[in-house]
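Notes to accompany the following structure.
The values are calculated or read from the model by the stated rules, or taken from the named source; none is laboratory data. Just so it is clear, the structure is predicted and the values come from calculations on it, not from any experiment. Cβ atoms come from the backbone with ideal geometry, glycine included; neighbour counts cover every protein chain shown. Surface accessibility is based on the protein's heavy atoms, side chains included, excluding ligands, DNA and RNA. Shrake-Rupley method; radii C 1.70, N 1.55, O 1.52, S 1.80 Å.
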Amino acid sequence: MFKVLIVEDEEMIRKGLRYTFDWNKAGCIVVGEACNGIEGIEKIKELDPDILIVDINMPIMNGITIIENSKDEYSYSAIVLSGYDEFNLAKQAIHLGVIEYLLKPVENDQLFEALENAKKQVIKSRYYKT
């Protein structure tokens with residue numbers, strides 16, 4: 001099972017992702033959640049997730065900054081969620097190696113496909129580390 005951390009400031013979306021998606025079918029388990037960027041960084045350090053699902057626009061610290069501040073030290077595959085279809089944000093996410101940029105509301109099939117791609121990236125990074 002791949003460990004997933006959800007960092008999303010909107011509680012309804014965060015809880016919806018955690019409790020309405022079939023994580024077991026996706027071969028994943030949600031190990032934690034955070035409601036802002038500072039808490040997200042702390043949870044990354046504490047839980048060392050394989051996959052990070054992060055909102056791009058949050059108060060305190062946005063998703064791009066979370067990835068910038070943790071990607072070198074922690075190895076995870078990132079999926080970005082956004083309520084905005086902004087090219088600049090997508091470009092920044094791609095530059096950071098984000099596996100998917102999904103627009104809210106996220107459909108289950110989109111999330112499932114993004115998780116499959118993220119798992120492939122995690123497996124590849126583990127293979128090349130050893």
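A few points about this structure:
- Scanning region 96-107 for residues that are in contact with a helix residue (DSSP H, G or I) (Cβ under 8 Å, 6 or more places away or on another chain), part of a strand (DSSP E or B), open to solvent by 30 Å² or more (accessible area, probe 1.4 Å) and not hydroxyl-bearing (Ser, Thr, Tyr) yields a single hit, 100.
- Residues satisfying the stated conditions in region 1-56, i.e. assigned to a helix (DSSP H, G or I) and touching a Gly at 6+ places or on another chain (Cβ under 7 Å): 43, 47
- Test set (1) open to solvent by less than 30 Å² (accessible area, probe 1.4 Å); (2) assigned to a helix (DSSP H, G or I) - residue 69 fails condition number: (1)
- Residue list for region 108-130, restricted to those being farther than 16 Å from residue 27 by Cα and loosely packed, with under 11 Cβ neighbours inside 10 Å: 127, 128, 129, 130
- Beta carbons closer than 7 Å, at least 6 apart along the sequence or on distinct chains, pair a first residue in region 11-31 that is under 15 Å from residue 52 (Cα atoms) with a second that is open to solvent by 80 Å² or more (accessible area, probe 1.4 Å) and not in a helix (DSSP H, G or I) for 23/29; 27/1; 28/1; 29/1.
- Apart from one condition, residue 48 fits all of (1) within 17 Å of residue 5 (Cβ to Cβ); (2) open to solvent by less than 20 Å² (accessible area, probe 1.4 Å); the exception is (2).
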